[in-house]
Amino acid sequence: MTRSPSPPIRLYQAADPTALWPALLAEYGEIAPVELEPGINGWLLLSWRLNREVMRDAETYARDPDRWADMANGRIGPRSPLRVLYGKYQSALYSDGADHKRYRAALTAALDSLSLRQVTGHITAAADQLIDAFCLHGKADLVTQYTRQLTVTVLARLFGLGPAETMRICLEMQAMWDEGPNAFPALMRIAEMLTELARKRRRTPGKDLASVLVAQGLSDVEVRDNLLLIIAAADDPVTHLTGNTIRMLLTTPESRAALTTSPGLISEAVNTALWTTPPLQTLVGRYPIRDVELAGVPIRAGECLVLGFAAASLDLAQHSDADTMSTNRAHLTWGVGPHSCPLRGQDMALAIAETAVERLLRRLPDVALAVPPEQLRWRPSLAVRGLESLPVRFTPTPVSNPGGTEWDSPADPTPSTSIRPKESTSPRSDANSSTKARWYAWLFPGTWKSGR
């Protein structure tokens, strides 16, 4: 079959994903030609079936960006946001074969080292601390003051960062979210902080994720890149999964009422939000290692395939019973196949979202939107689906711990005899030490002003 003569859809110019996904499904069916940045084309997978097929077949569809023809031949330049975001990193997400198996084994070991009690304790304590900061005021923006900070705070604690370091990483992340001239330098400072953390844990192991990655034989750069992967996988997706669930509950009285009588339904509310407003909408990419045909469309080796999670959810929902969507776990948010999110990582993400909702409703039982629902603004991104802000009002309530709290992960932990680092089995060269581009340009079309 010949290739589609249709001009590619310019994803970087599309503004309304809620209208784009159904339109593409109606016009193209399972796969659509797209342009990721001027002159760089790819294919967006639309159907649930096709997305799942490609993710499961790691033998045909590589994850290593060195397989991306436009990346390998230099058409994607060193200052392109595509190279910064999706270029080569020494982590499980950007590798195949033996490297992927080694990185994934290290990540799995690190995540499996966390006990359920440890994780839920950190989440609950962090959620209550954040609510304490605004519960006396009677109003808050739940994105900037709660859901956004909660995810980063929990991750920082699990990484082995102490209170002062957690505050610093939260401030650096805020600079990144603001998308101003300090966004990229903030990313570099976070990378430096994580590299230094790896060095510290190599000298003095603790009971944290960084120490386990070191103990698995990863180099400092590999520890850094895999911690950055955890941040990338959890920060935006979990932040907006939590925010989207809260928005749904505050705008659908019947869902909120059901939780009043059956708090155990919070997990179903989170799952419904994963279906109706998936926080991760698209992800670059997969790269065929040979010429293939997908849904009747010939795809050349090395072309970029963009996973379409939001379109896939919409596609499956159109063929499913609406009453069963709250319990259906067939969405592709966690991925499938060798590069899927490890089970413990999925559990941790859901625990953050579910605990955040539970603590908020328990502490502020009459929380309500402070603006009409139609005034809520979504981030202008085709990669993530989340609110820019979520203003709410409530009856002021007392803080839960007037004296404040600490946690059991000091910045310089007592040496642990249970985890000892192996010698690194990998090269120490930094594959991403060159100057990076202003990297939000494609994710946030129209928001990155020239000259910043």
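The values are calculated or read from the model by the stated rules, or taken from the named source; none is laboratory data. Everything numeric here is computed off the predicted structure, so don't read it as measured data. Note that each Cβ is placed from the backbone with ideal geometry, even for glycine, and that neighbours are counted across all protein chains shown. Surface accessibility is based on the protein's heavy atoms, side chains included, excluding ligands, DNA and RNA. Shrake-Rupley method; radii C 1.70, N 1.55, O 1.52, S 1.80 Å.
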(message) Quick check on region 392-401. Is at least one of its residues open to solvent by 30 Å² or more (accessible area, probe 1.4 Å), of a type in the set (Lys, Arg) and touching a strand residue (DSSP E or B) at 6+ places or on another chain (Cβ under 8 Å)?
(response) yes
(message) Checking the structure you have, find out if any residue of region 85-104 is aromatic (Phe, Trp, Tyr), under 20 Å from residue 292 (Cβ atoms) and crowded, with 17+ Cβ neighbours inside 10 Å.
(response) no
(request) Give 57, 70 a once-over and let me know the one that is of a type in the set (Asp, Glu), in contact (Cβ under 8 Å) with a residue 40 or more places away in the chain and touching a strand residue (DSSP E or B) at 6+ places or on another chain (Cβ under 6 Å). (result) 70
(request) Please work out which one of (1) open to solvent by less than 20 Å² (accessible area, probe 1.4 Å); (2) in a helix (DSSP H, G or I); (3) at pLDDT 90 or above is the condition residue 218 fails and give its number. (result) (2)
(request) Would you point out the residue of region 280-304, among those that are touching a Leu at 6+ places or on another chain (Cβ under 8 Å) and assigned to a loop (DSSP other than H, G, I, E, B), that is nearest to residue 336 (Cα to Cα)? (result) 281
(request) Quickly run through region 69-128 and pick out the residues that are closer than 19 Å to residue 225 by Cα, modelled with pLDDT of 90 or more and of a type in the set (A, V, I, L, M). (result) 92, 93, 98, 105, 106, 107, 109, 110, 111
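Here's the yes/no breakdown for (1) touching a helix residue (DSSP H, G or I) at 6+ places or on another chain (Cβ under 8 Å); (2) not small (Gly, Ala, Ser):
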site	(1), (2)
87	yes, no
123	yes, yes
132	no, yes
142	yes, yes
152	yes, yes
168	yes, yes
(message) Just to verify a result, which residue in region 221-252, among those that are under 17 Å from residue 119 (Cβ atoms) and at pLDDT 95 or above, is nearest to the chain's Cα centre (by Cα)?
(response) 241
